[in-house]
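Structure first, commentary second.
The values are calculated or read from the model by the stated rules, or taken from the named source; none is laboratory data. Not measured: the values here are computed from a predicted model. Cβ coordinates were reconstructed from backbone atoms using ideal geometry, including for glycine residues, and neighbour counts include every protein chain displayed.
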Amino acid sequence: MSPLDQLELWLVAGSQDLYGEEPLRRVDEHAREIAAALDGAAAIPVRVRYRGVSRTPESIRELCLEANAADACVGVVAWMHTFSPAKMWIAGLTALQKPLLHLHTQFNRELPWTELDMDFMNLNQSAHGDREFGFLATRMGIRRKTIAGHWSDAVVARRIGSWARAACGWREAQRLSVVRFGDNMRQVAVTEGDKVEAQLRLGVSVNGHGVHDLERAVREVRDHDVDALLGRYADDYDLAPSLAPGGEQREALRAAARIEAGLRGFLEAGGFGAFTDTFEDLGDLPQLPGLAAQRLMADGYGFAAEGDWKTAALVRLVKVMSAGNEGGSSFMEDYTYDLVPGDGRVLGAHMLEVCPSIAAERPRCEIHPLSIGGKSDPVRLVFTARPGPALVVAMVDLGDRFRLLVNEVEVVPPTRPVARLGVAHAVWRPLPDLVTAAEAWLTAGGPHHTVLSAALATETLVDFAEIAGLELIVIDAETELRDVARELRWNDAYHRLAGR
């Protein structure tokens, strides 16, 4: 749960000893200035730490090994200020395990035409050196991000920041532990998956606990901790009269608070960043943990219902990657459609568990019947998602690989009030339109559980997929169905030939 500003990108400048000490001193000054500017850029959510000029194979390999061992380092930014013979980089890049960004820039923005001489040309030849580096990285088959442009440009800082967020997501995946209370919903296919393969490819560890372990944690919650939570509920939400002090259903709210306190304590003690539950296995819990799941997601935990560990992990990764951004992110489900000709919309919701970080208004804390699960009526937060651009994101296990799907959408207000719905919900128009988006999603094997995020850019997820080696399908305003079908066939051939 550490803020992203405690993490670092390491910027290293490439050169060689051929130029002599004075040019290398200037290379160092220039690279130091660039790193300081990027470190101060608001668009970059992590620190940018300057790691010097690398000019020998030994120093490059040593730096890459040091980056691997540095917990705070989420990635390496390489820039060739001068020509840096790329064979010097082979050992280092072979050893490097952190994500790599190739920054193709130069210190000066414009050429000093009237004073231009060969000394200037030899010193400022990133156009030369970066091509050498780019060839070598391609020859080695190294996944990387390449960003070209002047280091002072806002768009360059924004793109570096987007990639840095993806690198932070990859770092989180390497240490993420997901707990499943019970199994997944019986007879459901898409929420299954290969947990061993997920840990091998993504680093995500998924393990189960019986619901009795959660029951024990709930029983051990002290009354004064429950009372403290009830006070926070009153401060943060509009309580339904029946849940207010003296209300006829106040004990249901106390039960929900006890579940939250027990679940939160269990996650903290076990070092879990995400969790799942299922209404088919609640043991002696008096109600489905709806309010608890919503509030834990608001605090950055990943969650998905019915044992869907892939989506729970994805919620957590999206939360990490979008930390500090405007908007919010939530577990979501495409529930039903409004098939108005030419203006189709999706009504997204779940039984209870939608994160209040996407709420357009102050949430209302209410209690309503739940017709499945066989437990007492659960407490939940009810609200409508705020309008604006967003993404619907999902991950599926295809057996030989994981596929990440992204659909750009526009969240809109409900056409009419939905006062009887009784659950948090979002309404959105998928791009390019509902029919095209739905057909593309289904053709790609997209699941019904997703992450709805108004806090993350598509580019960040593209970068994350590249770092993680995930297949990626993006459905946006330019999507044509025949192109999606063709891309899926190409991807299938590539992944079967490439193996891992």
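Just one of the listed residues (426, 440, 465, 419) is in the same structural domain as residue 294 (by TED's automatic domain parsing) and in a loop (DSSP other than H, G, I, E, B), and it is 419. Would you mind listing the helices (runs of 4 or more DSSP H) fully within segment 210-276 where at least 3 residues are closer than 20 Å to residue 378 by Cβ and without any contact (Cβ under 8 Å) to a residue 60 or more places away in the chain? Hits in segment 210-276: 223-236, 250-270.
Of the numbered criteria (1) under 21 Å from residue 29 (Cα atoms); (2) part of a loop (DSSP other than H, G, I, E, B); (3) out of contact with any strand residue (DSSP E or B) (no Cβ under 8 Å at 6 or more places or on another chain), the one residue 151 fails is (3).
Candidates 157, 173, 189, 164: the one that is part of a helix (DSSP H, G or I) and out of contact with any Gly (no Cβ under 8 Å at 6 or more places or on another chain) is 157. Which ones in segment 365-376 are of a type in the set (D, E, K, R) and surrounded by 16 or more Cβ atoms within 10 Å (Cβ to Cβ)? Passing the criteria: only 366.
Can you name every residue in segment 331-364 that is closer than 30 Å to residue 247 by Cα and surrounded by 19 or more Cβ atoms within 10 Å (Cβ to Cβ)?
Once the filter is applied, which keeps residues that are closer than 30 Å to residue 247 by Cα and surrounded by 19 or more Cβ atoms within 10 Å (Cβ to Cβ), segment 331-364 yields 349, 350, 351, 352, 353, 354, 355, 356, 357, 358, 359, 363.
If you go through segment 32-46 and keep only what is free of Cβ contacts under 8 Å to residues at least 60 places away in the same chain and crowded, with 20+ Cβ neighbours inside 10 Å, you end up with just 35.
The rows are residues; the columns are (1) in a loop (DSSP other than H, G, I, E, B); (2) at pLDDT 95 or above.
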| residue | (1), (2) |
| --- | --- |
| 348 | no, yes |
| 351 | yes, no |
| 357 | no, yes |
| 361 | yes, yes |
| 381 | no, yes |
| 391 | no, yes |
| 400 | yes, no |
| 403 | no, yes |
| 415 | yes, no |
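Out of 323, 304, 312, one residue alone is among the small types (Gly, Ala, Ser) and either assigned to a strand (DSSP E or B) or without any contact (Cβ under 8 Å) to a residue 24 or more places away in the chain (or both). It is 304. Of all residues in segment 87-127, those satisfying the criterion of being exposed (fewer than 15 other Cβ atoms within 10 Å of the Cβ) and part of a helix (DSSP H, G or I) are 87, 94, 113, 114, 115, 118, 119, 120, 121, 122, 127. Scanning segment 61-86 for residues that are out of contact with any Lys or Arg (no Cβ under 7 Å at 6 or more places or on another chain), part of a helix (DSSP H, G or I) and touching a residue at least 40 places away in the same chain (Cβ under 8 Å) returns a single hit, 86.
For segment 401-408, does any single residue satisfy the condition of being loosely packed, with under 15 Cβ neighbours inside 10 Å and in contact (Cβ under 8 Å) with a residue 12 or more places away in the chain? The answer is no; no qualifying residue exists.
Residue-wise test of (1) in the same structural domain as residue 379 (by TED's automatic domain parsing); (2) β-branched (Val, Ile, Thr); (3) farther than 19 Å from residue 206 by Cβ.
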position	(1), (2), (3)
261	yes, no, yes
276	yes, yes, no
283	yes, no, yes
290	yes, no, yes
305	yes, no, no
310	yes, no, no
314	yes, no, no
324	yes, no, yes
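Screening residue 214 with (1) closer than 30 Å to residue 167 by Cβ; (2) buried (at least 20 other Cβ atoms within 10 Å of the Cβ) gives one miss only, at (1).
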